[in-house]
């Protein structure tokens, strides 16, 4: 509502001033004079009272006025120009020059006062951020803390401004504060987690140091002594003499098993030689070399370990060979091909060898990149980089291993062809894809393994049976189709050893179905996080590959699976 300081709309005779209602206590009478400044009545003389009653005049209110108002029509934008302040004005004003009020015809004093104040507030508000409402308020109140005469004859004698963000800006500030709180909590949670991980790692280091110390003490005690099954049973009887009957029964079973194993090995050797002769792979002149490579030694790495050397393996270049025959266990009879080497859980691996590798093992790492693996795809990429670091820092092991990486979702992609890993090897990046089918990757393995094994056999004297590390996270969509492809792969002459690690739903069942043998099935423990299980798979992969490479250096084929905490062999849970 407007506030007029001129109490009459048009000039009235001086004698009629008393009729104006309501008439405030303090007023000024202004007489308009043509061509000259207006006259303001101060003290009325006797002549003016007698003869000036008909003189036209205006009555101006001289009393103090206080008003409060909110600035709504004028946008008070902050420094960024995108957010606005909301201001409430508490102002007091009075007339200091009635003649100016009349001459300028100030009919609405509020428009004059608020117009001046909003302009000052808008200029000052543009100098502050939306989060600095209190600072902007302090600055404006300091500037207005004085009497301010306006050219319209009105003086502002009191003014206090209250500044605050408008509703949209208030929500913005609240969201910023909430984001800062979340970030602060995240920092504290991150630091706490780092502390917990460091504490866990220190505890693990202490436990590992104790284990190594005990192993070192045991090695000192057993140094120079012959260790076999009979010696182990003897040591057991020393500690548990009350179990003599069970120990003798165990010894008898061990000896029966040794006899059966030797008979089975001899039968397989005979079948293998017969098959090679029937196929024309081995001639009569090649039999001495074949006997030296297959039938001669009883140690691991020959015969049942799944390896056949070339007849000329180990000879100096230029020496006469027994013929152009190149064979290994993969190219032999199916019965011989089933000998894939022993599988052990835990235990110390063979010592690193400085001599060149006498065996070469192809290794295929098959990773699930279906949507179910989205939470651990980063950890799987880190696992490949860790594997590269391990092999690059162990050139003797890397020389005995050829590594390939295959990813699968709806299809199968070879992201790293079979190669010898070094620092120059490019580690592939992993991304998830829709779908989850096992059949394409099993068929890809069936196509790749024979071709690449034959190629390796042309380059080195001894090729060990391929090993596949198969990681499963999601449930297969082709559950009725992939078992047939799996059976075809395992029925092939070049069938691989498949180490299956399942960290998704229905873990134990999936691992058992994919693994080539029950002893090679590994699954995450109940309630394990898939991302953490992916890290544990990386540890399992590194440990197993390190031992596998060292055994290949000596020409052996031995899988040693040492599960880290969080993974467990499926056979052990049954």
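Does residue 565 satisfy the condition of being free of Cβ contacts under 8 Å to residues at least 40 places away in the same chain and out of contact with any strand residue (DSSP E or B) (no Cβ under 8 Å at 6 or more places or on another chain)? Quick ask: steps written out before the conclusion?
Numbers: free of Cβ contacts under 8 Å to residues at least 40 places away in the same chain: yes; out of contact with any strand residue (DSSP E or B) (no Cβ under 8 Å at 6 or more places or on another chain): yes.
Taking the combined requirement at face value, the residue satisfies it.
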- Which condition breaks for residue 530 when tested against (1) closer than 16 Å to residue 377 by Cα; (2) touching a strand residue (DSSP E or B) at 6+ places or on another chain (Cβ under 7 Å)? (2)
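Considering only the range 253-263, state which residues are under 14 Å from residue 231 (Cα atoms) and without any contact (Cβ under 8 Å) to a residue 24 or more places away in the chain.
Applying the first criterion (under 14 Å from residue 231 (Cα atoms)) to the range 253-263 yields 254-255.
Listed by number, the list holds a single entry, 255.
Scan the range 58-72 and tell me whether some residue there is modelled with pLDDT under 90, surrounded by 12 or more Cβ atoms within 10 Å (Cβ to Cβ) and touching a strand residue (DSSP E or B) at 6+ places or on another chain (Cβ under 8 Å).
Within the range 58-72, the subset modelled with pLDDT under 90 is 71-72.
Add one more test, that the residue is surrounded by 12 or more Cβ atoms within 10 Å (Cβ to Cβ), and what stays is 71.
Next cut, touching a strand residue (DSSP E or B) at 6+ places or on another chain (Cβ under 8 Å) only: 71.
Looking for residues that are modelled with pLDDT under 90, surrounded by 12 or more Cβ atoms within 10 Å (Cβ to Cβ) and touching a strand residue (DSSP E or B) at 6+ places or on another chain (Cβ under 8 Å), one finds at least one in the range 58-72, hence yes.
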- In the set 421, 427, the lone residue that is in the same structural domain as residue 553 (by TED's automatic domain parsing), in contact with a strand residue (DSSP E or B) (Cβ under 6 Å, 6 or more places away or on another chain) and assigned to a loop (DSSP other than H, G, I, E, B) is 421
- Residue in the range 487-499 that is under 29 Å from the mean Cα position of the chain (by Cα) and within 26 Å of residue 531 (Cβ to Cβ) present: yes
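What are the residues in the range 20-39 that are surrounded by fewer than 16 Cβ atoms within 10 Å (Cβ to Cβ) and touching a strand residue (DSSP E or B) at 6+ places or on another chain (Cβ under 8 Å), if any? Can you show your working first?
Here is the first cut: in the range 20-39, the ones surrounded by fewer than 16 Cβ atoms within 10 Å (Cβ to Cβ) are 20-26, 33-37, 39.
Selection gives 20, 23, 24, 26, 33, 39.
Hey, does the range 217-227 have a residue that's at pLDDT below 90, surrounded by 11 or more Cβ atoms within 10 Å (Cβ to Cβ) and in a helix (DSSP H, G or I)? It would help to see each step written out before you state the result.
If we filter the range 217-227 for residues that are at pLDDT below 90, which is where we start, we get 217-227.
Within this subset, residues satisfying the condition of being surrounded by 11 or more Cβ atoms within 10 Å (Cβ to Cβ) are 222.
The next check asks that each one be in a helix (DSSP H, G or I); those that pass are 222.
Yes, some residue in the range 217-227 is at pLDDT below 90, surrounded by 11 or more Cβ atoms within 10 Å (Cβ to Cβ) and in a helix (DSSP H, G or I).
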- Item | Subset of the range 430-451 [in contact (Cβ under 8 Å) with a residue 12 or more places away in the chain and not in a loop (DSSP other than H, G, I, E, B)] | 439, 440, 441, 442, 443, 444, 445, 446, 448, 449, 450
- Message: Of everything in the range 546-564, what is closer than 14 Å to residue 395 by Cα and in contact with a helix residue (DSSP H, G or I) (Cβ under 7 Å, 6 or more places away or on another chain)? Give them in sequence order.
- Response: 546, 549, 550, 553
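Can you tell me which residue among 517, 507 is surrounded by fewer than 18 Cβ atoms within 10 Å (Cβ to Cβ), touching a residue at least 12 places away in the same chain (Cβ under 8 Å), assigned by TED's automatic domain parsing to the domain that holds residue 372 and touching a strand residue (DSSP E or B) at 6+ places or on another chain (Cβ under 8 Å)? Walk me through it before giving the result.
Working: 507 fails: surrounded by fewer than 18 Cβ atoms within 10 Å (Cβ to Cβ).
Just one listed residue meets the conditions, 517.
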- Message: Name the residue that is farthest from residue 476 (Cα to Cα), counting only residues in the range 396-418 that are touching a helix residue (DSSP H, G or I) at 6+ places or on another chain (Cβ under 7 Å) and assigned to a loop (DSSP other than H, G, I, E, B).
- Response: 400
- Note on the structure: residue 31 passes all but one of the listed conditions (1) closer than 30 Å to residue 124 by Cβ; (2) touching a residue at least 12 places away in the same chain (Cβ under 8 Å); the exception is number (1)
- Query: What number of residues within the range 120-139 are without any contact (Cβ under 8 Å) to a residue 24 or more places away in the chain, surrounded by fewer than 16 Cβ atoms within 10 Å (Cβ to Cβ) and in contact with a helix residue (DSSP H, G or I) (Cβ under 8 Å, 6 or more places away or on another chain)?
  - Reply: 0
- Message: Go through (1) touching a residue at least 24 places away in the same chain (Cβ under 8 Å); (2) in a loop (DSSP other than H, G, I, E, B); (3) more than 24 Å from residue 445 (Cα to Cα) for residue 557 and report which single condition fails.
- Response: (3)
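The rows are residues; the columns are (1) assigned by TED's automatic domain parsing to the domain that holds residue 120; (2) under 30 Å from residue 114 (Cβ atoms).
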position	(1), (2)
151	yes, yes
155	yes, yes
158	yes, yes
161	yes, yes
170	no, yes
173	no, yes
179	no, no
185	no, no
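Just checking, which of 250, 272 is at pLDDT 75 or above and within 53 Å of the chain's Cα centre (by Cα)? Walk me through it before giving the result.
Values: 272 fails: at pLDDT 75 or above.
That would be 250, the only listed residue that is at pLDDT 75 or above and within 53 Å of the chain's Cα centre (by Cα).
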- Message: Residues to consider are 552, 523, 534; find the one that is at pLDDT 90 or above, surrounded by 24 or more Cβ atoms within 10 Å (Cβ to Cβ) and not in a strand (DSSP E or B).
- Response: 534
- Query: Which members of the range 453-486 meet the condition of being in a helix (DSSP H, G or I) and either over 18 Å from residue 408 (Cβ atoms) or outside the structural domain of residue 420 (by TED's automatic domain parsing) (or both)?
  - Reply: 453, 454, 455, 456, 457
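Just the residues that are in a helix (DSSP H, G or I), surrounded by fewer than 17 Cβ atoms within 10 Å (Cβ to Cβ) and in contact with a helix residue (DSSP H, G or I) (Cβ under 9 Å, 6 or more places away or on another chain), please, taken from the range 140-171. Steps first, answer last, please.
Keep residues of the range 140-171 that are in a helix (DSSP H, G or I), which gives 140-143, 167-171.
Filter again for surrounded by fewer than 17 Cβ atoms within 10 Å (Cβ to Cβ), leaving 141-143, 167-168, 170-171.
Matches in the range 140-171: 143 only.
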- Query: Does the range 100-109 contain any residue that is outside the structural domain of residue 177 (by TED's automatic domain parsing) and farther than 30 Å from residue 40 by Cα?
  - Reply: no
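The values are calculated or read from the model by the stated rules, or taken from the named source; none is laboratory data. Since the model is a prediction, treat every value here as computed from it, not as a measurement. Cβ atoms come from the backbone with ideal geometry, glycine included; neighbour counts cover every protein chain shown.
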